[in-house]
1. Answer yes or no: is there a residue in the stretch B:273-287 that is of a type in the set (G, A, S), within 20 Å of A:P74 (Cβ to Cβ), touching a helix residue (DSSP H, G or I) at 6+ places or on another chain (Cβ under 8 Å) and without any contact (Cβ under 8 Å) to a residue 40 or more places away in the chain.
2. Please go through (1) surrounded by 15 or more Cβ atoms within 10 Å (Cβ to Cβ); (2) in the same structural domain as B:E156 (by TED's automatic domain parsing) for B:G277 and return the number of the only condition it doesn't satisfy.
3. Using beta carbons and a limit of 8 Å, which pairs, at least six apart or on different chains, have the first residue in the stretch B:302-313 and facing another protein chain (nearest Cβ under 7 Å) and the second one of a type in the set (V, I, T) and in a loop (DSSP other than H, G, I, E, B)?
4. Do we find a residue being over 20 Å from the mean Cα position of the chain (by Cα) and assigned to a helix (DSSP H, G or I) anywhere in the stretch B:105-113?
5. Test of understanding: among B:Y269, B:Y308, which residue is aromatic (F, W, Y), assigned by TED's automatic domain parsing to the domain that holds B:T255 and either closer than 30 Å to B:E151 by Cβ or at pLDDT below 90 (or both)?
6. Return the residues of the stretch B:139-177 that are out of contact with any Phe, Trp or Tyr (no Cβ under 6 Å at 6 or more places or on another chain), β-branched (V, I, T) and at pLDDT below 90; say none if nothing qualifies.
7. Please specify each residue of the stretch B:191-211 satisfying the condition of being touching a Ser or Thr at 6+ places or on another chain (Cβ under 7 Å) and under 16 Å from B:V157 (Cα atoms).
8. Of the numbered conditions (1) at negative phi; (2) free of Cβ contacts under 8 Å to residues at least 40 places away in the same chain; (3) crowded, with 16+ Cβ neighbours inside 10 Å, B:R186 satisfies every one except a single condition; which is it?
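The values are calculated or read from the model by the stated rules, or taken from the named source; none is laboratory data. Note that this is a predicted model, so its numbers are computed, not measured. Heads up, the Cβs are rebuilt from the backbone with ideal geometry, glycines too, and the neighbour counts pull from every protein chain shown.
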Amino acid sequence: MTVHGIRTAASQTTKVKNGVGAFILQCKKMEFHYCDWAGSSRGMNGFIKGILPKFAAANPQIEFSISPRPNKHPVVTGHYINGRTKPVCVRNLSPYEILEKVELLRDASGEKLTKTNKAVTSTKDSVRGIWSPFHGKGEPV
Amino acid sequence: MPRIPAARALAPLRRALTCSNSIPFLATRAISTTPFPRALYKTRDGTKVAPTIPESQAVETEYSPSEEEIDALRVQEEESHGPGLAVPSQLVETPAEREAKALHPEYEPARSLQELGALPGVENWWEKEEHWGPESQFKGFARTGTQVQQEEPVIEVYLRRALVEVLALKQAGKWDEWATKAWPRRGDDQFRATLEMDITESGELKQDASHIVAELTTGESDSPSEGITESEGQEILAERQWDSSWAQIPLDAATKFALRKRVYQFSGYLIPDSRLGAAHNVGHLLALGCKKPKPAHLASILEQEGAYDALSNVKAHAQKISFVEKEKSIGRWKVIEEELKARGLPVLGASDAAPKHKEQRWIISTFRNVKR
């Protein structure tokens, strides 16, 4: 899917747009589990009946799976192309609160949530650090 | 030679006790080797019903049991299946060849090993229908399962019949006695007779209904009515052309319950108590009886509405996705299955799971080791 997406983006654009045209959503699949009996699934059942059809139509690149999970709280699980999953319990939430959670899962990268202290994140950090004009003696022009 | 030397002294005593004119075992009792109906030789109480043969008689003597003996055997065969689950016998006793020939002229003994039948074990005893008496079969008051009818023409015809019967009982002064009893279904003649009656706007029958009451207060007929189909109901409605005034007849609580019970008996649909309170006339009951209940499962609603039919990226499952289905979807199940088989492990759990019913476990544990 990834290669196909890049090819499609490349064929549609004559110019390279710094990767903008080749954006691929990181969320590839979403699973919705509900219970027919439990009251904590009332909002989830309403979401599946009323809101999810529109959401699924607006996001055709995501695979959706709806299945009952009896006697358990409702859960939405996002699957990402990095192999990770994110499950979110949506018990006793209203359909629109569940929609917020679903949008959060859709927009997530799939990476673990980490605290960001630096302005730049790199897989290979520079030993010298980032140059700053406000530090040091300064160079006379 | 006895192991204990002192036991030699008992040898003369044993010789004295041994019958001199004893007959070999095979000569006194022929061994039947042909598979034979089990109920014939099942002795539940341990008594031996087959006639005893004097030892002095030779095997070649033609044996013909009397009619009384054959009748006694047949009665025992019929009575061997008592009420409830038939229990396997502790001792399986096959009749002798001549007894079997007397009972069943077509009986032929086996001549080879392949002709021998094998007695089944008790593992599947619970599942076999012949081990259960007729009293174990459920006979419901109303239709059940998929046979429940809720089509409007059918319910209207049933309700009309029930109302005529209620009014007939009231007209005959037997309503108090028969209001809470189980009314017989009776045959199709009674069905037609009730539909021919006319009802006034005030809720009374125009004709004499003594014949309907007579049929209703006698027992069940030999061929009770099975009800009508939707097309038959439409034909009846088109033929009768009832005016809508009978739907406005007010109902009291006792009549409501009687109508509901009668409609339930024929259609299988029981109007819920919570809704019955809101019904005040026949028309309300008709509307409630035709109203289809909401689906119990969300998957059924999604299937009915078809909200996801046009979306190829959505799959709605009706049941929980099992471990095997998850593995199959990514193509890993065949690898797991092969590895389990290679190690001699059960693929889908233990095959000899514990039986569900307590009585079933008792049968298997009690009769498994009985020599048969």
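1. First pass over the stretch B:273-287, keeping only residues of a type in the set (G, A, S): B:274, B:277-279, B:283, B:287.
From what's left, within 20 Å of A:P74 (Cβ to Cβ): none.
No, the conditions are met nowhere in the stretch B:273-287.
2. Going through the list (1) surrounded by 15 or more Cβ atoms within 10 Å (Cβ to Cβ); (2) in the same structural domain as B:E156 (by TED's automatic domain parsing), B:G277 breaks only (1).
3. Every condition considered, the pairs that remain are B:N313/A:I62.
4. As a first pass, look at the stretch B:105-113 and keep what is over 20 Å from the mean Cα position of the chain (by Cα): B:105-113.
Applying the additional criterion that residues be assigned to a helix (DSSP H, G or I) yields B:113.
For the stretch B:105-113, residues over 20 Å from the mean Cα position of the chain (by Cα) and assigned to a helix (DSSP H, G or I): present.
5. Numbers: B:Y308 fails: assigned by TED's automatic domain parsing to the domain that holds B:T255.
The match here is B:Y269.
6. Once the filter is applied, which keeps residues that are out of contact with any Phe, Trp or Tyr (no Cβ under 6 Å at 6 or more places or on another chain), β-branched (V, I, T) and at pLDDT below 90, the stretch B:139-177 yields B:T144, B:T146.
7. B:F191
8. Failed condition: (1).
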